[in-house]
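Take a look at the structure set out below.
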Amino acid sequence: MFGRTKRKSLLSGGSGRAGRYGSPTLAYRRRRFQRTLIAIAFLVLVAAITELPTLGVQSGRYDIEAEDVASKTVTADIPFQSDDLEATRERREEAVESVLPTLRVDVRHVNLLDNLLRGRIDTLIALRSNIDKDMREALSASHEGQAREEIIAATLRGFVEVWLEDPAIENAEYPDVDTLLVWLEPENESIPLRDFGDASAPAEPGVEAAPRSTVGLIEPPDGVSPFAQMEPLRELAQDGLEYVLTKGVNGLSNTSFPRVRVLRDNVLGDLKRSEEYDWSELLVPSSADAELTKHIEDGVKSLEAGDAEKSIAWERVQDAAYEMVKLLEISGTLYLDSVVTEGDREQRRAEVEPVHRDFGGNQIIIQEGHRWTDQSRSDAKTLWGLLEDGSQATRNVVSPIASNALLIALILAGLLRSMTMIRTKETDPSISINVVLLVMCGTLILGRVMFYVQPSGLIVPVMASAILLCILTNSWIAAIANVCMGALLSIQYGYSWQLLITSCAMSFAGISSLYVVRRRGDMAGAAVKGTFVGLFVTLAIVLSTNSLTSWLTLNQLVMVGMNGVACLFLVPGLLSPLERLFGITTDIQYLEYSDLNNEILSRLAIEVPATYAHSLMLGQLAEAAADAIGANGLKARVCAYYHDIGKLRRPEYFSENQTGQNIHDDLSPRLSARAIASHVTEGVELARDFHLPEPIIDGILEHHGTNLIGFFHQLALEQQKHGDVREEDYRYPGPRPQSRETAILMICDGVESGVRSIKNANEERVREFIGKLIRSRAEDRQFDECELTLKELDIIEEVLTKRIITTLHTRVAYPEKKRDSKAANIIHISGGRE
């Protein structure tokens, strides 16, 4: 009884009763038909985005180097990108500014000072033989009463003083005597011991014995270091000098940079081969002494920690090392390496990608008679190079088709998977898939046609497609399909990232503006908002890649504006045919069917006015309850208007339309129950005769669900004492509500008709009645197949209570005005009215 025609069932994916309760054979046919549609869409999309090969295209190249003025007009036969020479140069110069000047450490200068220090230290070491000779003579001439350490110290001091007075040494700039004494201090074990011979005869009492003279020297053992502090002093002095010089001392007085890179050939300590410094952080000759002192101090601490058992005056050692190095007069060791600096700049220039400028198809590169510039020559050469390469590449047809087929297969797989994941119970995924595939194919076919008219692609109405999908399916599906269409369209136009960003931005703006569509103006508002977003996005892209004053910029803005204008006409024009083709009911259709002057509602108002009044009141209640829980209030209201149209067939069977004898007094309870329940099936037949949308038919079928017709069932139980009353004979045919809107319709129908039976109705009694009715429907499992939650049922109860109370308000009873008694002086005229 409730099946659709074959064409409607297949194309709409089985919406309505036929879709939900169809036979297995019909379901198999629908699946096969769905796969066929997907395969056809796949082939259409591959053909749409694959550009046909252009065999035999000539590049039109000629020698432009030999002329200053163009002898021909050069036109872009294909869309292409060319390097913007001036913009590229500016961007590369900006990148070069970030390259730091390179200062290199002068190794020759470092080696010069290091060798000078080493030479002075070697000179001191060579004095050991002379010092040793003087010490031997002094020790040999000494006697037992002279302390050995005093003899050594006095001899060493005398030697150093005499040595410094040597004219050959005066110009060598050695430190003072005390510092040299630290450097030349001999190792105690390296100095011979004195031999005083045998003990002399004891002296007479009271006479002090004469000290013994040295008779010989006892030679020190072999392998003993001759100097006590020479090795740590040498290490501290040489390491300190080399570290400071290698770190770099800035002696460039005529040059200054904010920040530089110091490059070293030799790596020492914590220094790296390449380091960056602010100009103020570089060492200068005046600050090099402080760095030298710090480094020598750190070296002393390290030596002291390693030789903790030795008792060495480390402060004297530190001072001696510093005094020796200080005399070298440290100067600048850094110089500007212009070769390395310029090499780094050239490398940075090469790393910067060229800035491209876009040329559309048939765009003029240079007019005949205009003077050639470096930019126009580059543009022409780029075009000719692409055309020559393309004439060879177009012979390979299989490769682009295969790559596009793979891309479309991946996109379709992701799209179909996403749509099945985000679908709701109230929407049929097969219908959504069919709508999306048709809109995508139509958009890309139009894009292929427009490619030969306007090569930028900005005029292709992707936003109109997205708005249509948002109205016909939902915003999530529209958003996903929009991304897929934008990606395929960008491939169609040579992987244009600008087209992808602009089309997606316009579409997302249009989708986000369509929260509710209750008027045709809502679609126009979404198109206008999307157009403005497209204009702003185009300007943003132009600011980063081109000039605002160029012809190409104006052309792109005009194309985006024309896209928006096309959307204003395409969406309203295509919406109604798509609604009817796929059997989709939108809010705009609900608004059309909410007109109370249409034929069926007019009949309802004239033939069964009580049922008509009940339907109107029910519509208000259902809409308020649906809006309160976020359901479609418009759908609930329109379904309420039509839910009882089946009563037009036999209105006398329903109490609100009875004016005299109750016809059920002459019928058995079972026949009465069947007559009452028949208004559902008869309403469906009438709805199909008037071609009402499927959701309204669902409302007619589901507004009673499988509820028990309790009055006649109880009457039958009272009349039949032998228990042969079947409960299913007293239930509505169903099915149970499948959506929140039809479940709300069921609740409101019971509340609106039942609340009239409450005596002395007040808010408490009304709330109790509504709660009891909702609980009874829930216990009868009428809400098991819809998505109503307990929280939403509580909200519905609260909303209906308030609405019912407002309709049950009382009015003030006005006192009847007593008629005045007749005056005695009134004379009645014949023929007049008393």
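What the table shows:
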quantity: For region 784-798, Karplus couplings with θ = phi - 60° (6.51, -1.76, 1.60), whole Hz, Gly/Pro x; calculated: 5, 9, 10, 9, 6, 9, 4, 5, 5, 5, 5, 5, 4, 4, 5
quantity: Shape category assigned to region 648-778 from the gyration tensor of Cα positions, a/c cut at 1.5; calculated: rounded
quantity: Accessible area per residue in Å² at 1.4 Å probe, computed on region 249-392; calculated: 58
quantity: Heavy-atom accessible area per residue - region 112-152, 1.4 Å, Å²; calculated: 52
quantity: From phi via Karplus (6.51, -1.76, 1.60), per-residue ³J(HN,Hα) for region 103-110 in Hz, x at Gly/Pro; calculated: 9, 9, 6, 6, 5, 5, 5, 4
quantity: Mean separation of Cα contacts under 8 Å (6+ apart) over length of the chain, as relative contact order %; calculated: 13
quantity: Rg over Rh [alpha-carbon atoms, Kirkwood Rh] for region 573-655; calculated: 1.04
quantity: Heavy-atom accessible area order for Trp163, Trp551, largest first, 1.4 Å probe; calculated: Trp551, Trp163
quantity: Label-point separation in nm, Glu607 to Phe536, each point 7 Å along Cα→Cβ; calculated: 5.6
quantity: Integer Hz, Karplus 6.51/-1.76/1.60 couplings in order for region 630-640, x for Gly and Pro; calculated: x, 7, 7, x, 5, 4, 4, 5, 5, 4, 5
quantity: Equivalent ellipsoid, region 106-265 (semi-axes from 5 times Cα gyration tensor eigenvalues, Å); calculated: 49, 15, 12
quantity: Residue-averaged [θ]222 nm for the chain, counting only DSSP H segments that reach four residues, each worth -39500 (n - 2.57); calculated: -19000 deg cm²/dmol
quantity: Ranked by how many other beta carbons lie within 10 Å on average, peptides 330-343, 210-223 from highest; calculated: 330-343, 210-223
quantity: Cβ-based charge dipole, region 529-604, positive-most Cα from Ser576, Leu601, Ala540; calculated: Ala540
quantity: Label of the coordinate-derived value, Kirkwood radius over Cα pairs in Å, listed as (1) 34.3; (2) 27.7; (3) 38.8; calculated: (3)
quantity: Most positive-pole-ward Cα, Thr420, Gly447, Tyr28, against dipole of the chain from beta carbon charges; calculated: Tyr28
quantity: Solvent-accessible area of Met421 with every protein chain in place, 1.4 Å probe, in Å² to the nearest 10; calculated: 130
quantity: Listed residue pairs exceeding 24 Å between alpha carbons, taken from Lys247/Lys301; Lys294/Lys326; Lys635/Lys759; calculated: Lys635/Lys759
quantity: For Ile365, residues with placed amide H under 5 Å, excluding near neighbours; calculated: Val74, Thr75, Ala76
quantity: Electrostatic dipole magnitude of region 511-603 [Cβ: Lys, Arg +1; Asp, Glu -1; Cα centre; debye, to 20]; calculated: 140
quantity: Charge dipole magnitude, Cβ of K and R +1, D and E -1 - the chain, Cα centre, debye nearest 20; calculated: 9540
quantity: Evaluated at q = 0.12, 0.16 Å⁻¹: base-10 log I(q)/I(0), Debye formula over Cα of region 503-622; calculated: -0.63, -0.86
quantity: Three-way shape label, region 752-795, alpha-carbon gyration tensor, a/c 1.5; calculated: prolate
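The values are calculated or read from the model by the stated rules, or taken from the named source; none is laboratory data. The structure presented is a predicted model; accordingly, all values stated were derived computationally and were not measured. Because the Cβ atoms are built from the backbone with ideal geometry, glycine has one as well, and the counts that use them run over all protein chains shown. When the accessible area is computed, the model is the full protein with side chains, heavy atoms only, and any ligands, DNA or RNA have been set aside. Shrake-Rupley method; radii C 1.70, N 1.55, O 1.52, S 1.80 Å.
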